[in-house]
């Protein structure tokens, strides 16, 4: 059982670091600082991998419908985060797509929090 506690605490820490790095990436891209944003974006991708590994381990250790749904929602959230940062870095984010992506980000983030802490 100690492994489950280790996985869940490291997974929560990785999510926190991922959200901070994502916020920094967005801020740097909005202010036009491309070089630091690129470095943080690459670091962010490493944390995506760590999230997949720890999340997959948690799903394997506690397999039931709630963890599977949370895993799928988390995958959607990471996909939207990558879309936002990638399109911002290439200046391909229009007003319409920006609104759609940020709505998806908020909805998926709240859904992941709900399934992670309340289900």
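The values are calculated or read from the model by the stated rules, or taken from the named source; none is laboratory data. Bear in mind that the values here come from a model prediction, so they are computed numbers and not experimental data. Positions of Cβ are generated from backbone atoms using ideal geometry, with glycine treated the same way; all protein chains shown enter the neighbour counts.
Values as computed for the structure displayed
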{"read-out": "Flag if residue 84 is more than 25 Å from residue 9 (Cβ to Cβ), surrounded by 14 or more Cβ atoms within 10 Å (Cβ to Cβ) and out of contact with any strand residue (DSSP E or B) (no Cβ under 6 Å at 6 or more places or on another chain)", "value": "yes"}
{"read-out": "Members of the stretch 53-65 found to be loosely packed, with under 14 Cβ neighbours inside 10 Å and touching a residue at least 40 places away in the same chain (Cβ under 8 Å), listed by number", "value": "61, 62"}
{"read-out": "Condition check for residue 32: out of contact with any strand residue (DSSP E or B) (no Cβ under 9 Å at 6 or more places or on another chain) and part of a helix (DSSP H, G or I)", "value": "no"}
{"read-out": "The listed residue being without any contact (Cβ under 8 Å) to a residue 12 or more places away in the chain, assigned to a helix (DSSP H, G or I), within 11 Å of the chain's Cα centre (by Cα) and more than 20 Å from residue 119 (Cα to Cα), out of 19, 42", "value": "19"}
{"read-out": "Which listed residue, of 29, 50, is in contact (Cβ under 8 Å) with a residue 60 or more places away in the chain and touching a helix residue (DSSP H, G or I) at 6+ places or on another chain (Cβ under 8 Å)", "value": "29"}
{"read-out": "Qualifying position, being closer than 15 Å to residue 11 by Cβ, modelled with pLDDT of 95 or more and either in a helix (DSSP H, G or I) or more than 12 Å from the chain's Cα centre (by Cα) (or both), among 78, 99", "value": "78"}
{"read-out": "Among the candidates 115, 75, residue that is free of Cβ contacts under 8 Å to residues at least 60 places away in the same chain, closer than 23 Å to residue 4 by Cα and surrounded by 17 or more Cβ atoms within 10 Å (Cβ to Cβ)", "value": "115"}
{"read-out": "Candidate set: the stretch 87-97, residues that are surrounded by 13 or more Cβ atoms within 10 Å (Cβ to Cβ) and free of Cβ contacts under 8 Å to residues at least 24 places away in the same chain; chosen: the one nearest to residue 59 (Cα to Cα)", "value": "87"}
{"read-out": "The stretch 22-37: number of residues that are loosely packed, with under 11 Cβ neighbours inside 10 Å and within 11 Å of the chain's Cα centre (by Cα)", "value": "0"}
{"read-out": "Failed item, numbered, when residue 70 is tested on (1) under 13 Å from the mean Cα position of the chain (by Cα); (2) buried (at least 20 other Cβ atoms within 10 Å of the Cβ); (3) within 15 Å of residue 105 (Cβ to Cβ)", "value": "(3)"}
